[in-house]
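Every number here is computed from the coordinates shown, using simple stated rules; none is lab data. All values reported here derive from a predicted model rather than from experimental measurement. Cβ atoms come from the backbone with ideal geometry, glycine included; neighbour counts cover every protein chain shown.
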Amino acid sequence: MKLHELAHARTGDKGDISNISVIAYRAEDWPLLQERVTEARVAAYLGHADPAVVTRYVLPQLQAMNFVIRGALTGGVTRSLALDAHGKCLASVLLEMEV
Amino acid sequence: MTIVRIGAGAGFQGDRIAPAVDLAERGNLDFLVFECLAERTIALAQQARLKTPEAGFDPLLARRLRAVLPGCVRNGTRIVTNMGAANPQGAAACAARVARDLGLSVKIAAVMGDDVVDRIGPFGLEETGQPAADLGARLVSANAYIGCRGIVAALDAGADIVICGRASDPALFLAPLVHRFGWAMDDWDRLGRGTLVGHMLECAAQVTGGYFADPGRKSVPDLANIGFPLAEVSEDGNAVLTKLPGTGGVVSRATCTEQLLYEIHDPARYLQPDVVADFSRVQITEIGPDRVALTGASGSAATGLLKVSVGYRDGWLGEGQISYAGAQCVARGELALGLLQERLSICGDRIAEARGDLIGWNAIAPGVTRRAMDLPEVRLRYAARCLDQDTAQQVAEEVESLYLCGPAAGGGVSRQVREIIGIAAALMPADLVPVRFEMTEVSHETA
């Protein structure tokens with residue numbers, strides 16, 4: 001099952017740090033999301049060799065989690081050479097992850 | 001019970017004007033706030049001001065004010081904005097001209113003090129650990145994210161329009177609440193809740209269904225006519241978020257939860273100049289159609305340090321794109337990327353960093369495992385950060401030369417060359433950043 005079947009997501013950026021929220025559509029899927037969508041899995045899926053660059057914060061009352069990824073934006077929006085320098089598309093990329 | 005109605009008139013510099021006019025005309029608002037300043041905008045504005053001393057504020061200021069001011073004056077709606085960018089005084093003069101042209105009487109305040117370029121030298125940059133002074137002549141600008149105090153003082157003095165430069169985005173919304181409710185500046189929980197209101201509103205349509213629609217999964221009605229949000233704020237700082245009847249879009253628990261975490265790191269510690277806000281226990285409750293209650297935010301004492309955004313010249317970008325289609329389009333794109341690398345190796349270290357992508361194949365998330373598939377088309381994009389303009393030009397020209405000297409059937413070249421303004425961050429004690437305002441009064445005598 002893909003993550004997008006259980007959750008929606010939004011990306012934000014500050015400097016070279018990207019944050020991706022992952023929010024359950026249904027409260028009953030929250031325990032599964034918490035178990036399967038971990039810092040280590042998100043880091044590996046997005047191609048970060050060091051899992052320590054990812055920190056997860058959880059807001060159980062909203063069935064939401066927030067992934068903060070340091071060094072994710074090749075220098076940040078003002079100097080990155082990337083097409084999507086903000087990393088706006090990363091939420092959609094993450095939603096393709098298998099859970 | 002007093003309710004303050006506060007609306008978002010813009011979430012970025014290029015935002016639509018019509019939804020703000022709608023809020024000004026029939027929003028019954030106390031305050032309309034325009035957030036128009038991104039990380040890099042103020043450095044670009046500083047460069048504009050160096051060329052032309054009366055420039056350096058938002059070029060859309062006059063257009064926006066001309067559109068909303070009649071409704072705002074008629075309805076007693078006061079305006080707060082950071083469209084002053086690198087020149088709040090110049091912006092106030094421009095606003096005064098607009099008011100005179102329209103025959104309206106208003107008091108306009110310019111809030112100053114965020115420009116700390118004369119003081120930034122000894123402070124270390126987070127990115128490099130080196131003092132800002134090491135940037136030498138490359139330093140363009142340094143602006144502190146000031147809090148709400150200067151804006152509050154201007155509102156207390158009766159300003160109808162308050163124009164600042166760099167302020168924290170939520171502070172633009174927190175200020176009218178502090179002014180109207182008389183919140184103490186150490187009432188951390190109320191400041192935290194007011195910060196939440198600002199955070200939810202500052203990106204305008206991003207909480208009313210913009211940046212949200214995903215066909216089949218998350219539907220948004222009438223996205224073409226999306227309305228901008230407003231909050232009905234109570235004295236305790238809790239609020240109801242909504243939009244005007246008849247506008248497109250949606251305000252729901254889902255749109256609000258996405259915006260709650262937008263550009264947030266630790267939700268329990270959202271660092272702001274006036275407060276450390278805590279969003280970790282926020283409750284988001286749908287209480288009616290397009291009506292969502294926000295409760296449960298809190299706060300603790302501010303750190304006493306302000307974030308400073310430091311702009312510096314960071315070389316030149318040379319970029320070009322070309323498309324390939326049909327069978328083997330990925331192979332031809334990769335052949336072209338190899339050619340560019342070979343041809344541009346002559347530039348040596350005048351190219352500091354380069355990147356080649358095939359849009360449609362690997363441009364967005366190159367590190368992510370992908371399925372092999374037959375793509376009908378790809379677009380090559382090659383971008384390089386160069387030490388000088390000539391090298392950047394050479395990069396762009398090499399991409400264009402692929403028309404005749406590259407793989408088969410490449411089409412639709414585009415290219416650009418521009419100076420790169422990088423942004424770094426530093427922290428500065430707030431007591432080194434005094435804030436003041438200047439008031440301009442425009443009186444119109446009615447015949």
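Structure data summary
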{"read-out": "Residue with peak Gaussian network fluctuation, chain B [Cα springs, cutoff 10 Å], from B:Cys36, B:Cys203, B:Cys329", "value": "B:Cys329"}
{"read-out": "Computed over the protein assembly as shown, Cα set: Rg, Dmax in Å", "value": "24.1, 75"}
{"read-out": "Two-site FRET efficiency, B:Met373 against A:Asp29, from Cβ-Cβ distance with R₀ of 22 Å, rounded to 0.05", "value": "0.15"}
{"read-out": "Under Karplus coefficients 6.51, -1.76 and 1.60, residue-wise ³J(HN,Hα) of the range A:85-90 in Hz, glycine/proline x", "value": "5, 6, x, 4, 7, 5"}
{"read-out": "Gyration tensor (alpha-carbon) shape descriptor, the range A:3-94, a/c threshold 1.5", "value": "prolate"}
{"read-out": "Equivalent ellipsoid semi-axes, chain B, via Cα gyration tensor eigenvalues times 5, rooted, Å", "value": "41, 27, 22"}
{"read-out": "Ratio Rg/Rh, restricted to the range B:1-132 and using Cα atoms, in which Rh is the Kirkwood radius", "value": "1.05"}
{"read-out": "Rounded to 5, the percent of DSSP beta bridges in chain B classed as antiparallel", "value": "80"}
{"read-out": "Exposure proxy ranking, count of Cβ atoms within 10 Å, fewest first, for A:Met1, A:Met65", "value": "A:Met1, A:Met65"}
{"read-out": "Shape call, the range B:366-429: gyration tensor on alpha carbons, a/c limit 1.5", "value": "oblate"}
{"read-out": "Cα point-scatterer Debye curve for the range B:310-425, base-10 log of I(q)/I(0) at q = 0.13, 0.14, 0.19 Å⁻¹", "value": "-0.51, -0.59, -0.96"}
{"read-out": "Listed residues B:Met200, B:Met428, B:Met83, most fluctuating in chain B (Gaussian network, C-alpha, under 10 Å)", "value": "B:Met428"}
{"read-out": "Cα-based Rg and Dmax for the range B:73-147, where Dmax is the largest Cα-Cα distance (Å)", "value": "17.6, 53"}
{"read-out": "For the range B:233-326, convex hull volume per residue from C-alpha positions, Å³", "value": "237"}
{"read-out": "Pair B:Val413, B:Gln328: separation of 7 Å Cα→Cβ label points (nm)", "value": "2.2"}
{"read-out": "Principal-axis tilt of helix B:389-400 within chain B, Cα atoms, nearest 10 degrees", "value": "60"}
{"read-out": "Sites A:Arg56 and B:Arg100 - FRET efficiency at Förster radius 41 Å, r taken between beta-carbons, to 0.05", "value": "0.15"}
{"read-out": "DSSP beta bridge pairing in the range B:1-152, given as percent antiparallel to the nearest 5", "value": "20"}
{"read-out": "Chain B: most fluctuating residue of B:Asn143, B:Asn75, B:Asn362 per GNM, C-alpha cutoff 10 Å", "value": "B:Asn362"}
{"read-out": "Contour excess over end-to-end distance, with Cα ends at B:Ala184 and B:Arg26 and 0.36 nm allotted per residue", "value": "53.7 nm"}
{"read-out": "Ascending count of other beta-carbon atoms within 10 Å, so fewest first, for B:Ile346, A:Ile69", "value": "B:Ile346, A:Ile69"}
{"read-out": "Theoretical FRET efficiency, 1/(1+(r/R0)^6), r = Cβ-Cβ of B:Phe12 and B:Glu232, R0 30 Å, to 0.05", "value": "0.80"}
